[in-house]
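What follows is a short report on a single structure.
The values are calculated or read from the model by the stated rules, or taken from the named source; none is laboratory data. Everything numeric here is computed off the predicted structure, so don't read it as measured data. Using ideal geometry, Cβ is built from the backbone for each residue, glycine included, and neighbour counts are taken over all protein chains shown. Protein only, heavy atoms only, side chains kept; ligands, DNA and RNA dropped before computing areas. Shrake-Rupley method; radii C 1.70, N 1.55, O 1.52, S 1.80 Å.
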Amino acid sequence: MRDFEYAAPASLDEAIELFTGKNGSAKALAGGTDLIDHVRTGRLSPDLIVDIKKISELNILENSSSGFRLGAAVSCNRIYRDETIVSEYSALADSCRIIGGVQIQSRASVGGNLCNSGPAADTTPALIALEATCVIAGPNGTREVAVEDFCTAPGQNVLQSGEILVELKFPPRQENSGSHYRRFIPRYEMDIAVVGVGASVVLDSDRETIVSARIGLGAVAPTPLFAESAGDLLAGMPANDDSIAQAALEAQAAAKPIDDMRGTKEFRVHVTRVLTERVLKAAVARAKGESVEVAIGH
Amino acid sequence: MMAKKRVVTTSINGTETEFLCEPRQTLLEVLRDVLDLTGSKEGCSNGNCGACTVLLNGDPVDSCLVLAVECEGADIETIEGVAPTDGLHRIQDAFLECAALQCGICTPGFIMSAKSLLQQNPSPSEDEIRFYLAGNLCRCTGYDKIVRAVQEAAKAKEEVTA
C-alpha cells in the first residue's frame with residue numbers, strides 16, 4: 001500500500017485542523033472497509049489518513065426527548081445491537097444487518113456509507129425514510145443538511161474541503177409509527193442492492209389512517225432518492241393495500257435507473273414498485289405494533 | 001520520506017504485545033510478517049473472503065481492512081489463540097470430525113467467525129450459521145460440511161454445559 005501519515009485526533013477541532021488546507025489529500029478513516037481497499041488499489045492516494053474514531057462526538061449513540069443522535073463513526077453492529085434503534089428506528093437496524101458480512105459490520109459505519117455516497121448504499125434510503133439530518137463541521141463552523149440533499153452524484157456529496165460529517169440526528173419517534181428497509185439482491189447475502197427501499201409511516205391513534213409517510217429509494221438513480229410525492233400521497237389515506245399500491249406506483253415513477261451488470265432498467269423499475277409495496281406493508285405492520293418476519297439476509 | 005514507524009501496544013491472544021509498524025501496514029501484514037503469526041491467511045485483501053478474520057475487541061473483522069496503527073490498546077484474538085494448551089478447541093475438533101476443510105486456507109477465518117457466532121448465539125439454526133459465515137468464502141467444500149461442523153460444535157457445547 002502507498003505510504004501515508006496517520007493521525008488519530010481526540011477532538012473535533014484537531015480533526016478539522018488536520019483536514020483544513022489539505023485539499024483532499026487527507027482522508028477520514030472510520031471503519032476503513034472502503035477506504036483501506038481504495039488506497040490499496042490506488043483509487044485513492046491520500047498523504048494523510050485521519051482516524052476519526054477517537055472523537056467522542058463521532059461515537060455518540062444517544063436517545064433523548066429531542067430525538068436520536070448517531071455519531072458518524074458508529075459501526076453497524078453497535079447500531080443493530082442498540083435496542084432503541086431496533087424498536088424505534090427499525091429501518092436503520094434492518095439496513096445495518098445486511099451490509100457485507102459480520103466482519104464488515106464490526107467496522108463499517110453509517111456515516112462512512114453516506115460519505116462514500118454510492119447510489120446503492122443500503123443505509124441511505126433508511127436514513128431518508130427516518131428523516132435524518134446530517135450535522136457537518138468544518139473550518140467555518142457547523143451546518144446541517146437534510147440527508148436526502150447530502151449526495152449529489154455517484155461518489156459525490158455536499159462536504160466541502162475541510163468538512164467532516166459528525167453525526168446524524170433523527171426526530172423523536174412518533175406514536176404509532178413504524179419503518180423498514182429491504183433490498184433486492186440475487187443472492188442471500190454479501191451483495192449490492194439491485195434496488196433498495198426504506199419507508200416509514202405514522203398512523204393515527206386508531207391505527208387505521210396514515211398520517212404521513214416517507215420513502216427512500218436506492219440504486220435507481222445517480223444518488224439515493226427521496227420519493228417525496230409517493231410518501232405525501234399516503235397522508236390521510238386508509239392504511240390498506242390499495243393506498244400502498246398507489247404509493248408504490250408513484251415511487252416507481254420516481255425511479256430513474258440505468259442498465260448495468262446488476263439489473264436492467266426495466267427490471268429495476270418493476271422491482272421498485274414491488275419492493276415499495278412490501279416495505280410499506282411491513283412499516284404499517286410495525287406501526288400497528290405487529291412483529292414483522294424478515295427472512296435472514298433480507 | 002517515508003512515514004515514521006509507530007510503536008503499538010496491544011493484547012494478542014492474552015499476551016501484551018508491542019510492535020513497530022508503518023501507518024500503511026495492515027493488521028494482517030503485522031500479524032504475519034512482523035509477529036510471525038501466520039495462521040491468519042491473506043486471500044482477497046479486499047474484505048470479501050474472510051480468510052484473515054480475527055477478533056478485534058471481541059468482534060470479527062477482516063484484518064486486511066484494519067490498519068495496525070489503529071490497534072493501539074486493542075484486544076486481538078487470532079487462530080493461534082483458539083486451542084487450549086492441551087488439545088484443540090471444540091470448533092477445531094468439529095471441523096476435523098466433519099471433514100469441513102480441504103485445502104485449509106479459509107479454515108482459520110471460518111473458525112474465528114464460528115467462534116464469534118457461538119459466543120453470541122450458542123445454538124444457531126442452519127440459516128443463522130450460513131448468514132453469519134457469509135463473509136467467509138470457501139472454494140473447496142461447498143459449505144455444507146462447514147455448516148455441519150458448526151452445528152456439531154454447538155451441540156458439543158450444549159453437552160459440556162448440560
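In this structure, the amide hydrogen of A:GLY100, modeled 1.01 Å from its nitrogen in the peptide plane, lies closer than 5 angstrom to those of A:MET190, A:ASP191, counting only residues at least 5 positions away or on a different chain.
For chain A, modelled as a GNM whose springs connect Cα atoms under 10 angstrom apart, the maximal fluctuation among A:LEU12, A:LEU225, A:LEU92 occurs at A:LEU12. GNM remark for chain B: springs join alpha carbons under 10 Å apart, and the peak mean-square fluctuation among B:THR85, B:THR38, B:THR53 falls on B:THR85.
Which value, in Å², gives the accessible area per residue of the stretch B:90-161 when a 1.4 Å probe is used on the protein heavy atoms? Let's see the in-between values first.
Details: 3430 Å² over 72 residues.
With the other protein chains kept in place, the stretch B:90-161 gives 48 Å² per residue.
Just tell me, in residue order, which DSSP H segments of chain B are both 24 angstrom or longer along the helix axis (alpha-carbon based) and at least -1.0 in mean Kyte-Doolittle hydropathy. Intermediate values should be presented prior to the final figure.
Numbers: long enough: B:144-161 (26 Å, -0.56).
Helices meeting the criterion: B:144-161.
Beta bridges assigned by DSSP with both partners in chain A are antiparallel in approximately 85 percent of cases.
Put simply, the amide H of B:THR17, placed in the peptide plane, has neighbours under 5 Å in B:THR10, B:SER11, B:ILE12, leaving out anything fewer than 5 places away on its chain.
Taking trypsin sites (Lys or Arg not before Pro) across the stretch B:1-82, the ones in a DSSP loop with at most 16 further Cβ atoms lying within 10 angstrom of their Cβ are B:LYS4, B:LYS5.
Using a 4.7 Å Cβ-Cβ cutoff, the cysteines of chain A lacking any partner cysteine are A:CYS115, A:CYS134, A:CYS151.
Summing charges over neighbours of B:ASP59, with a neighbour being any other residue whose Cβ is under 14 Å away from its Cβ, gives +1 when K and R count +1 and D and E count -1. Within a straight-line Cα-Cα reach of under 23 Å, B:LYS41 can be paired with the following lysines, leaving aside sequence neighbours fewer than 8 residues apart in one chain: B:LYS115, B:LYS145.
Projecting the Cα positions of A:PHE150, B:CYS103, A:ASN113 onto the charge dipole of the protein assembly as shown (unit charges on Cβ atoms of Lys, Arg, Asp and Glu, taken about the Cα centre) puts B:CYS103 furthest along the positive direction. Each residue of the stretch B:51-66 is assigned a 3J(HN,Hα), and the resulting list reads 5, 9, 4, 10, 9, 10, 6, x, 9, x, 9, 7, 6, 6, 10, 10 Hz, derived from the Karplus form 6.51 cos²θ - 1.76 cosθ + 1.60 (θ = phi - 60°), x at Gly and Pro.
Can you give the accessible area buried between chains B and A, summed over both chains, with a 1.4 Å probe, in Å² to the nearest 100?
Between B and A, the summed buried area is about 2600 Å².
Label positions at A:ASP47 and A:SER87, each projected 7 Å from the Cα along the C-beta direction, are separated by 5.1 nm.
Give me the net charge of A:MET190's neighbourhood, meaning all other residues with Cβ under 14 Å from the Cβ of A:MET190; Lys, Arg count +1, Asp, Glu -1.
On the way: positive: A:ARG97, A:ARG183, A:ARG187, A:ARG262, B:ARG130; negative: A:ASP122, A:GLU189, A:ASP191, B:ASP62.
Net of charged neighbours comes to +1.
With Cα atoms defining each centre, the stretch A:140-184 and the stretch B:32-81 are spaced 32 Å apart in the structure. Lys-Lys pairs in chain A that are eight or more residues apart or on separate chains and whose Cα atoms lie under 24 Å of each other come to 9.
I need the calculated FRET efficiency for the pair B:ASP93 and A:MET237, taking r as the beta carbon distance and R₀ as 56 Å, to the nearest 0.05. Efficiency, rounded to the nearest 0.05: 0.40.
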